[in-house]
Amino acid sequence: LGGLSTVVASAVIIILLLEVIVMYQEAFLRFTESMEESLSRIAETKIMMIKESIKITDIVIVNSTFLYVNVTNNGKVGIIARDFSKIDVILVYIAQVNSSKVTLWLPYDASMAVANGWRVKSAYVGSTSKELINPINLPSANSGIWDPNETLQLEVWLDSNNALDTSEGVVVIIVALNGASSIYQV
Amino acid sequence: LPSSVITEGYFIIAALIIASVLSANVLYSTQQISQAYVERAKEIKNKAMMEVVIIFATGSNNSDVVYAWVKNVGKARIPSNLIEKSDLFFGPLGNFERIPYNASSPPSWNYTIVNDLNSNNSLDPQETISITIQLSYNLTTGDYYLRFATYSGAYDEYEFSI
């Protein structure tokens, strides 16, 4: 039995050290995995932000409660039609009723059931041609993609309580899914 | 039995007891450190996935109300109880103050999710909240500053003029 206690104690300490090393390695691996995932998520978000771009090209005020807005996807990625409800449309104008400044966030509603809202009337490429790639099923917009270089004509409507003073002009702000925005004033 | 064998036996038992106590302590500490690493990684990941932009903010002269719209452009969902934990700062440029959420008297801010598409009462990625800031004073001509920071520290700033 001579020296057995030393052997046993050494063995226990070596096992202990190995276990500690394994635990540290495991924690380190989990940490780096998590960091890697975070970095790739950040990159993914930033890439989408860089690739996404829209531009309002025209606003036509039809009357005090109805206007058309043309907006072009001049980015590198398409926007799925089913995600139109995630697009923000904000209107700033002078109210007809009391000449005060009004700012309205408008919901997307393909069925035009809400009092104030917007939907897509048509989609085209260039000045006249219809879109041939991933056509958007209008007016429901339940399928299709708003591809790069395609222009949407939006219908924007207001109820009579929110009618705008057509002589004062209007500002439209549109923000796409990942934050790309465009502002236009007439 | 020779006395040296008995002594060795005692040493073995003592060594085992000491090693057990030591290993328990070291393993516990290692586990704690490992857990701390994992928690920190989770925090960093959560923060990395959180991103918001103030898409528009406005107010009118002689009005004590400011409206702002904030969009979640990150990858993480923000539940309503955590939206309330966001920090909002507003005021004239260079003289802004922290506005408390849902205070009984102005200044105070409140919000509604304007496009809660799945009706889960959370600010999901690509959804937007409309924020109403009730001030204790009327806005006058000048430049104003707004900052919205989520509970994890992700924030955006916006300036506008009246």
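The values are calculated or read from the model by the stated rules, or taken from the named source; none is laboratory data. Because the structure is predicted, anything quoted here is derived from the model rather than measured. Note that each Cβ is placed from the backbone with ideal geometry, even for glycine, and that neighbours are counted across all protein chains shown. Keep in mind that these areas ignore ligands, DNA and RNA; they rest on the heavy atoms of the full protein, side chains included. Shrake-Rupley method; radii C 1.70, N 1.55, O 1.52, S 1.80 Å.
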Could you check which residue among B:Ile78, B:Ile17, B:Ile44 shows the biggest mean-square fluctuation in a GNM of chain B with a 10 Å Cα cutoff?
B:Ile17
Listed residues B:Leu135, B:Leu146, B:Leu22, most fluctuating in chain B (Gaussian network, C-alpha, under 10 Å)
B:Leu22
Let's see if you can work this out: charge +1 on each Lys and Arg Cβ, -1 on each Asp and Glu Cβ, no other charges. What is the dipole magnitude of the protein assembly as shown about its Cα centre, in debye to the nearest 20?
280
Among A:Ile59, A:Ile133, A:Ile90, residue whose mean-square fluctuation peaks in a GNM of chain A (springs only between Cα atoms under 10 Å)
A:Ile133
Rounded tilt (10° steps) of B:3-48 against the dominant C-alpha axis of chain B:
10
Could you tell me the center-to-center distance, by alpha carbons, between the stretch A:15-42 and the stretch B:85-162 in angstrom?
38
Sort out for me the Cα centre separation of the stretch B:1-56 from the stretch A:137-171, rounded to whole Å.
61
Just how large is the dipole of the stretch A:1-145 about the Cα centre, in debye to the nearest 20, putting +1 at every Lys and Arg Cβ and -1 at every Asp and Glu Cβ?
700
Please compute, for peptide B:118-127, the average count of beta-carbon atoms on other protein chains lying within 10 Å of each residue's beta-carbon.
2
When the accessible area of the stretch A:105-152 is computed with all protein chains present and a 1.4 Å probe, what percentage of it is carbon and sulfur?
57
A:Ser34 neighbourhood, Cβ < 13 Å, K/R = +1, D/E = -1, net charge 0
What average number of partner chain Cβ atoms lie no more than 10 Å from the Cβ of the residues making up B:37-46?
5
Within the accessible area of the stretch B:25-111 (1.4 Å probe), percent carbon and sulfur:
46
If B:Tyr10, B:Tyr101 are ordered by their accessible area, calculated over protein heavy atoms with a 1.4 Å probe, which sequence runs from highest to lowest?
B:Tyr10, B:Tyr101
Computed on protein heavy atoms with a 1.4 Å probe, what is the summed buried accessible area for the chain pair A and B, in Å² to the nearest 100?
3700
How much accessible area per residue does the protein assembly as shown have, in Å², with a 1.4 Å probe?
51
Roughly how large, in nm² to one decimal, is the mean projection of the convex hull of the alpha-carbon atoms in chain A?
17.4
Value at 222 nm in deg cm²/dmol, rounded to 500, when DSSP H runs of n ≥ 4 in the protein assembly as shown each add -39,500 (n - 2.57)
-10000 deg cm²/dmol
Which whole-number percentage describes the relative contact order of the stretch A:79-150, with Cα contacts under 8 Å and a sequence gap of 6 or more?
31
Arranged from highest to lowest average of other beta-carbon atoms within 10 Å per residue, in what order do the peptides A:10-21, A:160-171 appear?
A:160-171, A:10-21
Once all protein chains are kept in place, A:Arg119 shows an accessible area at probe 1.4 Å, nearest 10 Å², of 40
Just checking the output field for B:48-60: average partner chain Cβ neighbours within 10 Å of each residue's Cβ?
5
Near A:Ile94, within a Cβ-to-Cβ distance under 12 Å, what is the net charge of the other residues, with Lys and Arg +1 and Asp and Glu -1?
-1
